[in-house]
Each structure stands twice: as C-alpha cells, then as structure tokens.
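Here's the structure, in structure tokens; my notes come after.
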Amino acid sequence: MSDYDLIVLGAGPAGATAAIKARSLGLRVAVFDEASAAGGQVYRAPSPARTTTQPEADQRKGDALRAKLATSGAVLYANHRVWSLTSGFSVIAIGPDGPLTLEAPNLIVAAGAVERHIPVTGWTLPGVIGLAGATILLKAHGVLPGRRVVVAGSGPLLLLVASKIIAAGGEVAAVVDAAPRAGWLAGAGAMLARPDLMAKGAGWLLTLLKARVPIHSGAAIRRVDGTDGVETVTIGPVDRNWRPVDGTEPTIAADAVCLGFGLLPSTEVTRLLGAEHRYEPELGGWVPAVDAALQTSVPGLFVAGDGAGVRGADTAPLSGELAALGVARRLGHAGDLASQAATIAADWRRSGRFGAAMSGLAMPPPGAAAMIDAGATVCRCEGLSRATLDSAIAAGARTLADLKATTRCGMGPCGGRVCGEAAAMLIAAATGWDRQTIGQPSARPPLRPVPLAAIAAAFDYDELPIPAPAPL
Ligand SMILES: Cc1cc2nc3c(=O)[nH]c(=O)nc-3n(C[C@H](O)[C@H](O)[C@H](O)COP(=O)(O)OP(=O)(O)OC[C@H]3O[C@@H](n4cnc5c(N)ncnc54)[C@H](O)[C@@H]3O)c2cc1C
C-alpha cells in the first residue's frame, strides 16, 4: 500500500489549497516544499528575523492559508527539496533529517514559476538581482535590494517591486519597461474585468508618480557598469519588437538593479515524468497538456497553479481545488464531484484571463534576443557568452540539447532554469524557427543541488557487488 493517496509538490496557494481540498474529501495527503513554511512565492512567510508591526495583506493571506493547511490533516514536509521523481509515483527529497522517499498513486505538481531572464552586459555584477527574486528580499526579509535602484524588464512585477522599494524607504532611480506604453492597453479588457486587481496596480503606479520616479517605456538596459558592484546603468530605446534602436542613451547612477521579464511555468517535474507539453506564449511558454481535471498525459499526474500556465496568485487556488477533485474522482470517490468541478473550472477560466493578460504583457517578442550583446554572459554557471553560443549555433546546434552537448550550456547547478530561455531565444533568432520547433530542454535529476551522500546513502565497501572478471 502506498504511503499516501496523494502527494502534492509545492505548498504555494495552488498546492496548499489542493491539499486542503483533498483532505476535506478524506484523502491521505502529503505535501513537500523546500521553503520553511507553506505560502509559496506570493504568500511567503516572513523570515523569523523580520519584525513588522503591521502584517501586509499578502502576509495575512499567507497566515490564513498556513493555519488552514496545518489543521487540514495533510502532512507538510517543509524544508524538503524534491530532487528526483519516478513514475507511479515515488517522490525523492532531501530534508533536514536526510533523504526521504514517499510514494502515492497520484501526484499534483504545484511547483509555481521561475523568472525569465534576458541577459545584458554586466548583469553578473553584484547588485543585479531578479525582479521576482527582489520580492522575496523585500517581503520575507524586509531588505532593500540597494539604496538607489533601477527596476527594469517587463510586466506588472516592475510596478510591484518599484512601489515596494519606495514603501520600504528606498529610492527608485528609474523604471525601465521594454513594452511600449500602448502595450498595456492590450490587457485593458481583462483588467476591466478585475477592478480590484486594477486598483492594486493603480495604487503601485500612484506611489511611483508621487515619488517622481522616471518611467521609461519602450526602453531597455544596454549595460550595467561598475568595479565591485553596480555603479551605473545605461538604458536606450527599443522598437515594438524590443530590438534596440538609435536614440538617447542616458546613464543612471545606481547601486542595484532588479531585472526580469515575466515568469515561465516551472515544468521540470512534468518533463522528467514524460508528460506531453505544448507552447502557449500567453501562459508564459511551455505548459503541460492537460484535460478538464488538470490531469496530464501521464495518468495520475496532475498540475495546478503557475506550473500549469502563469495565471497569477488569485487563480492558483482554484486550479488546486480542481486538481484535487480530479484526484478524488480518479480514486472513485463517491459524491457529486463532477458538478463541483464544473463550477470551479468556470471560475478558474474566468479568473485566469486577468493573469494570462498580465503574463502576456511581460512576454518578450522574438526581437528581444537583440538585447543580448555578443559579450554578455548567458550561461552563468559555465561562463558562456552569447558569442560562444552563437558560434555553436552557426556550427549546427539547433536544439537546447545540442547546445548543452557542444558548450555545456545549462549543465551547471541551475540546470538551465536561468539560461535555458535565453539560449532558446538565440536559436530562434539565428534560425527563424518558432519555439515549438526548437523544443524544450530535457529534465534530469537532480532537479535541485543535492549532497552526494544523499544519493549514495550509507554503504559498506564489503556490500559493493564485485563483477566477475571477464574471461581472457
Ligand atoms: C520568485 C517569485 C516571486 C514572486 N513574487 C510575487 C509577488 O510578490 N506577488 C505576486 O502577485 N506574484 C508573485 N509571483 C508570482 C506568484 O508566485 C504566483 O502567481 C503564485 O504564487 C502562484 O502560486 P503557485 O502555488 O502556483 O506557486 P508558488 O507560490 O510559486 O509555489 C510553488 C511552491 O513550490 C515549491 N517548490 C518548487 N519546486 C520544488 C522542489 N523541487 N522541491 C520542493 N519544493 C518546491 C516552492 O518552494 C514554492 O513554495 C512571484 C513568482 C516568483 C517566481
């Protein structure tokens, strides 16, 4: 008998809600998360060292979610990094007490999203951090990325991060948005359908206007310069396809840069388990192909939250509930779950429109590859510049696997999470191929860095099988 009926990977809003729902239907549920508490990225629990008098709205929502999960009866394995999985399903993790493997016939992957990076010259300098990563610094630790910060890239996280820096007492030297101002109008329809979220965005913008922060739309960072860290940031205009064009190139004094171009669904687990995927630019890129219950092409493997397509924090819990209902139905749970699922699915689709519109705003068009200079480091783990990758592509590399084999791009500790997207953009730029043709990177364990001792486990040399000598 399996350890549980269901294992949930990820205790963000999608995974935690899936676990709570599944427990309410009587399923035996375990949840893994590498963070020290449930909440995921958006409702991340503040670090114990952080003292705030007034918890912010996201923290209050996170506290409520954590309390509900704690009393649901689901077993939460916090501080457990899942580094491998096998079909059927075995989930292999490393936690504070060492390795742990649990089994269940159903798995909901609610692993969230990762940041999309477009490398610029100087982005490896200390003081340059990811835009989404900056939210962790600000929310969980109450730490400013710098004293005078340039916030650059694309999508709604620009306004969120810039306004949080100001609220925390920092200075935003400039917001640099690659999308033209008119680009935001494209999402207007979806925004009008969610006046609450639109008001939130308007509040962020008002904070920037009050602080007289210069907002450069249709512009991007040309380079970041400094000796031991960020000192200056040079920006310049880009066209509608985000290709750098001639124009004034002001240099801004700053000691930090928050840089990011939206989010990509985290699909390494579903790729590792052999699920089918399809390319959906409005959902952030490659997403697992799913049925109405969010079950992938692998029976028993469900997805929820941003990992099923970037739709944002408000939509994530609905997909969690939907996936939990799908698991219960698969297990033959009695009761009218079909009509419940139909109602939730309709809400999920409606709610998802706003998130998808925001995700679309951040999505770089193909011309954005031109923002990467020949000398810019693309693969940070292996120290590979654009010029090196372009030479490999010119010599015939046509897939991410080709680039990996010929240059080691994506073979470092990040496993391609940081450089894979930029590398695919370079192949697309050189070949004119679309992203479906280029394909996805392969996923291989370990999905996360893991100590060798955890893989090898304890052994005695006498236990090692010695093969018989080959006959001469
Ligand atoms: C860095 C970052 C910061 C963000 N900040 C904001 C923000 O401030 N405001 C906002 O509205 N949206 C933010 N977003 C988007 C937001 O995270 C999502 O819209 C929302 O949280 C999606 O919920 P989810 O449950 O799908 O995923 P998440 O909330 O991302 O939860 C996924 C969980 O899975 C866990 N996980 C993933 N892989 C593993 C593994 N191998 N082993 C163990 N655990 C694993 C993670 O630790 C995480 O807790 C951010 C996204 C990112 C990537």
### So G133, is it of a type in the set (G, A, S), surrounded by fewer than 23 Cβ atoms within 10 Å (Cβ to Cβ) and modelled with pLDDT under 95
yes
### Message
Based on this model, can you work out whether E56 counts as assigned by TED's automatic domain parsing to the domain that holds A293, modelled with pLDDT under 95, among the charged types (D, E, K, R) and farther than 21 Å from E321 by Cβ?
### Response
yes
### Query
Is there any pair linking a residue in segment 1-24 that is within 16 Å of the ligand (Cβ to nearest atom) to one that is of a type in the set (S, T, N, Q) and assigned to a helix (DSSP H, G or I), with Cβ under 6 Å and at least six apart or on different chains, and which?
A14/S319
### Task
May I ask you to list the residues in segment 25-36 that are open to solvent by 20 Å² or more (accessible area, probe 1.4 Å) and within 15 Å of the ligand (Cβ to nearest atom)?
D33, E34, A35, S36
### Query
Does at least one position in segment 33-42 carry a residue that is modelled with pLDDT of 95 or more and assigned to a strand (DSSP E or B)?
no
### Query
Which of (1) on the phi > 0 side of the Ramachandran plot; (2) surrounded by fewer than 21 Cβ atoms within 10 Å (Cβ to Cβ) is the odd one out, the single condition A140 does not satisfy?
(1)
### Residues being closer than 19 Å to R243 by Cα, open to solvent by 50 Å² or more (accessible area, probe 1.4 Å) and of a type outside the set (G, A, S) - total across segment 362-389
2
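For (1) outside any helix (DSSP H, G or I); (2) in contact with a Phe, Trp or Tyr (Cβ under 6 Å, 6 or more places away or on another chain); (3) among the acidic types (D, E), each residue gets a yes or a no:
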| site | (1), (2), (3) |
| --- | --- |
| D402 | no, no, yes |
| M411 | yes, no, no |
| I427 | no, no, no |
| T437 | no, no, no |
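Kindly evaluate G203 against the criterion of being surrounded by fewer than 23 Cβ atoms within 10 Å (Cβ to Cβ) and over 21 Å from Q59 (Cα atoms).
For G203, the condition - surrounded by fewer than 23 Cβ atoms within 10 Å (Cβ to Cβ) and over 21 Å from Q59 (Cα atoms) - is not met.
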### Query
Taking the condition among the polar types (S, T, N, Q), out of contact with any strand residue (DSSP E or B) (no Cβ under 9 Å at 6 or more places or on another chain) and under 20 Å from P366 (Cα atoms), does S391 pass?
yes
### Message
Out of G98, G112, G39, I need the residue that is within 11 Å of the ligand (Cβ to nearest atom), in contact (Cβ under 8 Å) with a residue 60 or more places away in the chain and on the phi > 0 side of the Ramachandran plot. Which one?
### Response
G112
### Query
Taking strands (runs of 3 or more DSSP E) that fall entirely within segment 252-321, which contain at least 2 residues that are buried (at least 23 other Cβ atoms within 10 Å of the Cβ)?
256-261, 263-265, 285-288, 301-303
### Task
Count, please, the residues in segment 404-437 that happen to be buried (at least 20 other Cβ atoms within 10 Å of the Cβ) and more than 16 Å from H117 (Cα to Cα).
2
### Message
Could you list, ordered by first residue, the pairs with Cβ atoms under 8 Å in which the first is in segment 347-374 and among the aliphatic types (A, V, I, L, M) and the second is surrounded by fewer than 16 Cβ atoms within 10 Å (Cβ to Cβ) and at pLDDT below 85, at least 6 apart or interchain?
### Response
A357/A186; A357/G189; L361/A186
### Query
Can you name every residue in segment 322-343 that is within 16 Å of the ligand (Cβ to nearest atom) and either surrounded by fewer than 20 Cβ atoms within 10 Å (Cβ to Cβ) or not assigned by TED's automatic domain parsing to the domain that holds R23 (or both)?
none
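The values are calculated or read from the model by the stated rules, or taken from the named source; none is laboratory data. Note that the structure is predicted; figures quoted are calculated from it, not measured. Counting neighbours? That spans all protein chains shown, and the Cβs are built from the backbone with ideal geometry, glycine included. The area values use the complete protein model at the heavy-atom level, side chains included, leaving out ligands, DNA and RNA. Shrake-Rupley method; radii C 1.70, N 1.55, O 1.52, S 1.80 Å.
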